[in-house]
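To start, the structure itself, in structure tokens.
The values are calculated or read from the model by the stated rules, or taken from the named source; none is laboratory data. Because the structure is a prediction, the values reported are computed rather than measured. Here the Cβ positions follow ideal geometry from the backbone for every residue, glycine too, while neighbour counts run over all protein chains shown.
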Amino acid sequence: MLIAAQLANTDNISHHNGAASKKRVLEELSQMLAANTKVTTAEKIFHALLDRERLGSTGLGKGVAIPHARVPNITHTIAAMMTLEHPVDFEATDDQPIDIAFALLVPEESGDHHLQHLARLATLFRDADACQKIRGCQNAEEIFELLVSIDD
């Protein structure tokens, strides 16, 4: 249960979020991620995600982005996910706006272990059927249950 285990619960999923810009998406995800750790703040997470975006967009294409960053002091991978009410420009590789964002924070000293997480997420979100099912979910609980079923 790689993906579902990273999310842990539906509090880490925002369904039909009203964020209207890339910056706002990253801010909202940072708030959600910060709620899962006592060792860093939403502001530090936001800056870590923003710094990573400056290296190149984490927009995969087909309406999906996987913002991610290494963060000092966290001890395990944490994640948050949102679907957007209206797609936003994320400077994705295909120049299409995104409506699904899955954020991942990994410990700073995790080595390349996080690449396995990213590869698994990229595989999931390149699956048009899976993305369509996510987009069709009515609430965070349905999204979580779908991700659990995909992980099985």
Next on the checklist: Going residue by residue through the stretch 115-133, is there one that turns out to be among the hydrophobic types (A, V, I, L, M, F, W, C), assigned to a strand (DSSP E or B) and in contact (Cβ under 8 Å) with a residue 60 or more places away in the chain?
Outcome noted: no
Checklist entry - Does Phe144 qualify as being in contact (Cβ under 8 Å) with a residue 40 or more places away in the chain, hydrophobic (A, V, I, L, M, F, W, C), in a helix (DSSP H, G or I) and in contact with a strand residue (DSSP E or B) (Cβ under 7 Å, 6 or more places away or on another chain)? => result yes
Next on the checklist: For the stretch 61-107, which positions are more than 21 Å from Ala140 (Cβ to Cβ) and among the acidic types (Asp, Glu)?
Outcome noted: Asp89, Glu91, Asp94, Asp95
Checklist entry - For the stretch 80-101, does any single residue satisfy the condition of being farther than 13 Å from Val25 by Cα, under 13 Å from the mean Cα position of the chain (by Cα), at pLDDT 90 or above and not charged (D, E, K, R)? => result no
